[in-house]
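Please read the structure below before turning to the comments.
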Amino acid sequence: MRIAVLGAGVAGVTAAYQLLRDGHQVTVIDREPIAANETSYGNAGMIAPGHSYTWASPKAPGILMRSLFQRDQALRLTLRADPKMWAWCVRFLWNCTADRAKTNTLRKLKLCQYSQAILHETIADTSIEYDRSTRGIFYLYRDEASFDAGVAHMKILEDGGQKFDVLDFANILQLDPALGAARGKIYGGLHGPTDETGDCHKFTTTLAEVCRSEGAEFRYGTKIAGFRTEGDQIRAVETDKNSVSADLFVLSLGSYSPFTARKLGINLPIYPVKGYSVTIPIKNMDAAPRVAGIDENFLVAYTPMGNRIRMTATAEFTGYDTSHTPADFRTAMNVAESLFPDAGDYARATYWAGLRPMTPEGTPILGQCRYRNLYLNTGHGHMGWTMAHGAARVVADMIAGRKPAIDVTGMTMV
Ligand SMILES: Cc1cc2nc3c(=O)[nH]c(=O)nc-3n(C[C@H](O)[C@H](O)[C@H](O)COP(=O)(O)OP(=O)(O)OC[C@H]3O[C@@H](n4cnc5c(N)ncnc54)[C@H](O)[C@@H]3O)c2cc1C
């Protein structure tokens, strides 16, 4: 089949890879000059089933309310006259009960675990280098009360088959001596030994090259404007250059998916949630983290990536604006300089902001919709680097008429 994949972020490129494996003829269309140049560019790099908690939880409404008045919060809501944001928030709040949070978390966990297994297959088949580390991820707590709550909280994921080790500070130092400067700041933590990390941008651009060498065509610098349809079929996608016809289309446009879907009368419950990252060159490898971690009190993630440290923070509802100011990185920089004071060349840090394509449930939207030859593969939210590989295989299975290997209840539109 001739298949056009719309979008060359990690979701689109992993879909292209899976579709090529099934023998399809694949064309990928993206407005950027290279793959993974928007949200898949500067994320925290965590392949973290151990971080599968859904954001819509019983605590979330209170956190959102507080964020209206305290602007230094990790979660920031700016009230806007945007009906789509309000509709999204209503559905998000509806998902904040304990039961729904558990259901959504376990669905996310299953997809994340499956996706990690598919990632391992892809690595075995392609030998892609992307500053991968398999030393696990720390979930760190600064005081006893938050540590106890964190350990209790992990139970849902443990029951779902995810492995964690509970550590005091001495155990943490054994796994990562670079955290010596954190003595007195970190009380204890959990270590997810099977979680891993790597540079999503490096991986995706290299996988795009693998796809190209296997016959996929990449049309970069090409803006998708709409569709030519006939009944319940799409015939072609219209772009600012020409139209691209295909037998089947896969939509993976990240936070912008709702704009394109709306041209077909399809309403996707995806809203952009902005996040910030700062990438710091390492000047002293001995002082740099060996194991990635999340400071659960400040909600800041740090990830060693080759000769760099990537710090990420903040979930902000502020529409499609990707601008940033130095104040947006203050918390992340403070955490970096307090935990790893001698590791980074902080003056040479580079700054970035991106838009997580979030659904209220935290699970992506996969598979067919009312146009029979349009498949959705979008809305991967704060875990798209982790979920993309499995989601891509699920969508390829659906297209091939195979039963996906995991239950996708709650992730489909039909
Ligand atoms: C700060 C931050 C930290 C994160 N950390 C992690 C993490 O540690 N682990 C994890 O698993 N996930 C993480 N994520 C989430 C992850 O980065 C995203 O879920 C993922 O990158 C989404 O990929 P995507 O392909 O759906 O979207 P994108 O990467 O945004 O790709 C969409 C593509 O569609 C193209 N496009 C859009 N509209 C059009 C159009 N009209 N015409 C042509 N092209 C178009 C864009 O150019 C873009 O290339 C993080 C996100 C942020 C912001």
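Filtering region 205-220 to residues that are open to solvent by 80 Å² or more (accessible area, probe 1.4 Å), assigned to a helix (DSSP H, G or I) and not polar (S, T, N, Q) leaves 209, 212.
For region 194-207, the count of residues that are under 22 Å from residue 297 (Cβ atoms) and among the hydroxyl-bearing types (Ser, Thr, Tyr) is nonzero. Once region 44-58 is narrowed to residues that are within 9 Å of the ligand (Cβ to nearest atom) and not aliphatic (A, V, I, L, M), the residue that is surrounded by the fewest Cβ atoms within 10 Å (Cβ to Cβ) is 51.
Mind listing just one residue for me: the one in region 237-258 that is in a loop (DSSP other than H, G, I, E, B) and surrounded by fewer than 20 Cβ atoms within 10 Å (Cβ to Cβ) and, of those, nearest to the ligand (Cβ to nearest atom)? Restricting to residues being in a loop (DSSP other than H, G, I, E, B) and surrounded by fewer than 20 Cβ atoms within 10 Å (Cβ to Cβ), the top hit is 240. Applying a threshold of 8 Å to beta carbon distances and a minimum spacing of six or more residues, or different chains, the list of pairs starting in region 388-405 at a residue that is surrounded by fewer than 24 Cβ atoms within 10 Å (Cβ to Cβ) and ending at one that is among the basic types (Lys, Arg) reads 397/403; 404/393; 405/393.
Here residue 56 qualifies as among the small types (Gly, Ala, Ser) and within 24 Å of residue 192 (Cβ to Cβ). Does residue 71 meet the test of being over 23 Å from the mean Cα position of the chain (by Cα), at pLDDT below 95, open to solvent by 20 Å² or more (accessible area, probe 1.4 Å) and among the basic types (Lys, Arg)? Spelling it out, residue 71 is indeed over 23 Å from the mean Cα position of the chain (by Cα), at pLDDT below 95, open to solvent by 20 Å² or more (accessible area, probe 1.4 Å) and among the basic types (Lys, Arg). In region 145-157, the residues that are under 17 Å from residue 191 (Cβ atoms) and in contact (Cβ under 8 Å) with a residue 40 or more places away in the chain form Cβ pairs under 7 Å with partners that are part of a helix (DSSP H, G or I) and open to solvent by less than 70 Å² (accessible area, probe 1.4 Å), at six or more places apart or across chains, as follows: 157/50; 157/109.
Just one of the numbered conditions (1) at pLDDT below 95; (2) surrounded by fewer than 20 Cβ atoms within 10 Å (Cβ to Cβ); (3) within 12 Å of the ligand (Cβ to nearest atom) is not true of residue 223: (1). Looking only at residues in region 85-142 that are of a type in the set (Phe, Trp, Tyr) and open to solvent by 60 Å² or more (accessible area, probe 1.4 Å), the one that is modelled with the lowest pLDDT is 86.
So which helices (runs of 4 or more DSSP H) are wholly in region 1-112 and hold at least 2 residues that are in contact (Cβ under 8 Å) with a residue 40 or more places away in the chain? In region 1-112, the matching helices (runs of 4 or more DSSP H) lie at 10-21, 83-94.
Filtering region 160-181 to residues that are modelled with pLDDT of 95 or more, part of a helix (DSSP H, G or I) and not aromatic (Phe, Trp, Tyr) leaves 170, 171, 172, 173, 174, 175, 177, 178, 179, 180. Within region 350-372, the set of residues being over 24 Å from residue 95 (Cα atoms) and more than 22 Å from the chain's Cα centre (by Cα) comprises 370, 371, 372.
Of all residues in region 1-33, those that are among the β-branched types (Val, Ile, Thr) and near the ligand (Cβ under 9 Å from one of its atoms) total 4.
The set of residues from region 76-132 being of a type in the set (Phe, Trp, Tyr) and over 14 Å from residue 388 (Cβ atoms) comprises 86, 88, 92, 94.
Within region 10-43, the only residue that satisfies the criterion of being small (Gly, Ala, Ser) and open to solvent by 20 Å² or more (accessible area, probe 1.4 Å) is 23.
Within region 292-311, being near the ligand (Cβ under 10 Å from one of its atoms) and farther than 10 Å from residue 140 by Cβ holds for 292, 301, 303, 310, 311. The set of residues from region 335-370 being of a type in the set (Ser, Thr, Tyr) and open to solvent by less than 50 Å² (accessible area, probe 1.4 Å) comprises 338, 346, 359, 363.
The values are calculated or read from the model by the stated rules, or taken from the named source; none is laboratory data. Given the structure is predicted, the values throughout are model-derived calculations rather than measurements. Heads up, the Cβs are rebuilt from the backbone with ideal geometry, glycines too, and the neighbour counts pull from every protein chain shown. The area values use the complete protein model at the heavy-atom level, side chains included, leaving out ligands, DNA and RNA. Shrake-Rupley method; radii C 1.70, N 1.55, O 1.52, S 1.80 Å.
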